[in-house]
Amino acid sequence: MRDLIERAVSDLRNSRYAVVLTGAGMSTESGIRDFRGPKGIWTTDKAAEAKAYERYELFLRDPASYWEEMLGKKGTHGAFYNELRKAKPNAGHRALSELEELGVMKCVITQNIDGLHPKAGSRNVIEYHGSIRKLRCPSCGSRCGFEEVSLERLPPSCNCGGVLKYDVVHFGEPIPLDVMEKAEKEAMECDLMLICGTSAVVYPFANLPMVAKLGRKSSTTIIEVNAEPTPLTNEGISDYLIQGKTGEILPEIAEEVRKSRPERD
Ligand code: APR
């Protein structure tokens, strides 16, 4: 493990433009369960997973019922969102924010909707599956905060007349174009991609490492930090896997990068 951490520190220090992709494994050490790990939400509750696959269709068919479910007036999903709101960033989130501070990490592209990367101080964050902190209008694409709308009458409507939904991408829902384009641009630009706490099985997000690996003229180093090997590991897309907890490995990497930085004169 130590030698892989030293290798990652050297790769990061030699990179011109490093980005990091993250998934639910980043937030388990903040008390938020992941989805497909051994105690994951989908691993342990197949009914919840099935409902998640129907959620976008529910929004399209009956937006008022969608909102009742999302606000916890029906079902259990609202409680999950309340759990996310209470969570705090962990040492892994803070380490990525520090690497951005050190000028080494240029962008975080996260699948997580919990907002813990911005809360930890990361500034250039692409929330690929959206965020529970915002609402979005699928008709005109505009986004707003909860403080800007009234939830007295459901569903809330947009000034354009469209129906607002959580700015969260549900299964079967297209990734908003602005987010998709920004993420692909970062993947094309990077010469190092760190991939932390994701099973890398949900598309199109799981395509980004391929875009980084094959979509560029020069080579890209792809490093995984994950509790278990993933298809990226097994198919040789990543150059190496540092197996373990993001909340332990990332702070070690950040500390070594900080220590090896030339002292500012
Ligand atoms: N440190 C490192 N890895 C961890 C940790 C940890 N502390 N905790 C869990 N993991 C690993 C798990 O072993 C698993 O491989 O993180 C991965 C999490 O995978 P998933 O639960 O599938 O989460 P994710 O990849 O983010 O899921 C993608 O699926 O349900 C949808 O929209 C949801 O954004 C989510 C998407």
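The values are calculated or read from the model by the stated rules, or taken from the named source; none is laboratory data. All values derive from a computational prediction rather than experimental measurement. As a convention, Cβ positions derive from the backbone with ideal geometry for all residues, glycine included, and neighbour counts pool all protein chains shown.
Ser122 meets all of the listed conditions (1) more than 14 Å from the ligand (Cβ to nearest atom); (2) surrounded by fewer than 20 Cβ atoms within 10 Å (Cβ to Cβ); (3) in a loop (DSSP other than H, G, I, E, B) but one, namely (2). Only residues that are closer than 17 Å to Val19 by Cα, touching a strand residue (DSSP E or B) at 6+ places or on another chain (Cβ under 7 Å) and within 16 Å of the ligand (Cβ to nearest atom) were counted in the stretch 209-265, giving 15.
Filtering the stretch 104-119 down to residues that are more than 12 Å from the ligand (Cβ to nearest atom) and in a loop (DSSP other than H, G, I, E, B), which residue is farthest from Tyr81 (Cα to Cα)? Per the stated criteria, the residue is Val104.
Which residue, of Lys74, Lys51, is of a type in the set (D, E, K, R) and closer than 25 Å to Thr28 by Cα?
On the way: Lys74 fails: closer than 25 Å to Thr28 by Cα.
The unique qualifying residue is Lys51.
Scanning the stretch 220-256 for residues that are farther than 18 Å from Thr28 by Cα and buried (at least 21 other Cβ atoms within 10 Å of the Cβ) yields Thr220, Thr221, Ile222, Ile223, Leu232, Ser238, Ile253, Ala254. Considering the conditions (1) of a type outside the set (Lys, Arg); (2) within 21 Å of the chain's Cα centre (by Cα); (3) more than 15 Å from Arg85 (Cβ to Cβ), Ser157 is excluded by exactly one of them, (2).
Given Asp191, Asp167, which one is charged (D, E, K, R) and either within 10 Å of the ligand (Cβ to nearest atom) or in contact with a Phe, Trp or Tyr (Cβ under 8 Å, 6 or more places away or on another chain) (or both)?
Values: Asp167 fails: either within 10 Å of the ligand (Cβ to nearest atom) or in contact with a Phe, Trp or Tyr (Cβ under 8 Å, 6 or more places away or on another chain) (or both).
Criteria check complete, one pass: Asp191.
Yes/no matrix, rows are residues, columns are (1) under 20 Å from the mean Cα position of the chain (by Cα); (2) of a type in the set (Lys, Arg); (3) surrounded by fewer than 21 Cβ atoms within 10 Å (Cβ to Cβ):
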{"position": "Glu148", "(1), (2), (3)": "no, no, yes"}
{"position": "Val163", "(1), (2), (3)": "no, no, yes"}
{"position": "Asp167", "(1), (2), (3)": "yes, no, no"}
{"position": "Ile175", "(1), (2), (3)": "yes, no, yes"}
{"position": "Met180", "(1), (2), (3)": "yes, no, yes"}
{"position": "Ile195", "(1), (2), (3)": "yes, no, no"}
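If you check Glu186, Glu181 for being away from the ligand (no atom under 16 Å from the Cβ), touching a Cys at 6+ places or on another chain (Cβ under 9 Å) and under 28 Å from Ile223 (Cβ atoms), only one passes: Glu186.
Consider the stretch 197-226 and keep the residues that are touching a helix residue (DSSP H, G or I) at 6+ places or on another chain (Cβ under 6 Å) and small (Gly, Ala, Ser). The one that is nearest to Gly92 (Cα to Cα) is Gly197. When you scan the stretch 57-73, do you find a residue that is at pLDDT 95 or above and in contact with a Cys (Cβ under 8 Å, 6 or more places away or on another chain), even just one? No; the residues of the stretch 57-73 include none that is at pLDDT 95 or above and in contact with a Cys (Cβ under 8 Å, 6 or more places away or on another chain). Taking (1) farther than 19 Å from Glu224 by Cβ; (2) outside any strand (DSSP E or B) in turn, Leu135 satisfies each apart from (2).
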